[in-house]
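Let me begin by presenting the structure, written as structure tokens, before commenting on it.
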Amino acid sequence: SDEKWMNIGSLLKLSDNGILELRQDTWSGWWDTELFTYIHTLKPNYKLGIISDASSETREKVKEWINEDLFEVIVISAEERVCKPNPLIYQIALQKLAVEAPASVFIDDRIKNIEAAQSLGMKAIH
């Protein structure tokens, strides 16, 4: 993670303080709290999980918003060493949720991730 931020800082020609500020700003102020409120209403009736193509620092940085109070399972690509659209990451999430692919719904903003989920038999929404 530190190496990633140093590379970003280098590309953007940022000072050490600039890198630190950008790194802190990345994790603040952009959460859709209305969506989180809605997700909480789903919890009594559904098993909820998240698959995130994210770095190793992500779980700690987002724990105020993305946590086990909101999702039963949080799968982070850096921890699993596999990213979407690799089928293995979807299988990991399904296994942790104890859900079969046809009984699941996957939501994502990228078509390639939707197609990968569908190839496993998951319902998917783009």
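Quick one: length gained pulling R110 to Y38 fully straight, 0.36 nm per residue minus the C-alpha distance?
23.7 nm
State the Cα centre-to-centre distance between segment 101-124 and segment 1-55 in whole Å. If we compute the Cα centre of each part, the gap is 23 Å. Split the accessible area of the chain by element, probe 1.4 Å, and carbon with sulfur accounts for 54%. What the chain shows is 66 Å² of accessible area per residue, with the surface traced by a 1.4 Å probe over protein heavy atoms. Hey, with R₀ at 41 Å, roughly what FRET efficiency would A98 and K4 work out to, going by the Cβ-Cβ distance, to 0.05? Efficiency for this residue pair is about 0.80. Under a 5 Å amide H cut-off, with hydrogens placed 1.01 Å from N, A124 pairs with F106 among residues at least 5 apart or on other chains. Sparse packing (at most 10 other Cβ atoms within 10 Å of the Cβ) combined with a DSSP loop state is found for the following trypsin sites (Lys or Arg not before Pro) in segment 1-72: K13.
Take the Kirkwood radius over Cα pairs of the chain, plug it into Stokes-Einstein at 20 °C and 1.002 mPa s, and you get 133 µm²/s for translational diffusion.
Does segment 1-70 come out rounded, prolate or oblate by the C-alpha gyration tensor, with a ≥ b ≥ c the root eigenvalues, rounded set by a/c under 1.5 and, if not, prolate when a/b is larger than b/c and oblate if not? Kindly include the intermediate steps, with their values, before the conclusion.
Numbers: a/c = 3.73, a/b = 2.51, b/c = 1.49.
Prolate, since a/c reaches 1.5 and a/b exceeds b/c.
The values are calculated or read from the model by the stated rules, or taken from the named source; none is laboratory data. It should be emphasised that the depicted structure is a prediction, and the values quoted were computed from it without experimental measurement. All Cβ positions, glycine included, derive from the backbone under ideal geometry; neighbour counts span all protein chains shown. Side chains included, ligands, DNA and RNA excluded: accessible areas come from the protein's heavy atoms. Shrake-Rupley method; radii C 1.70, N 1.55, O 1.52, S 1.80 Å.
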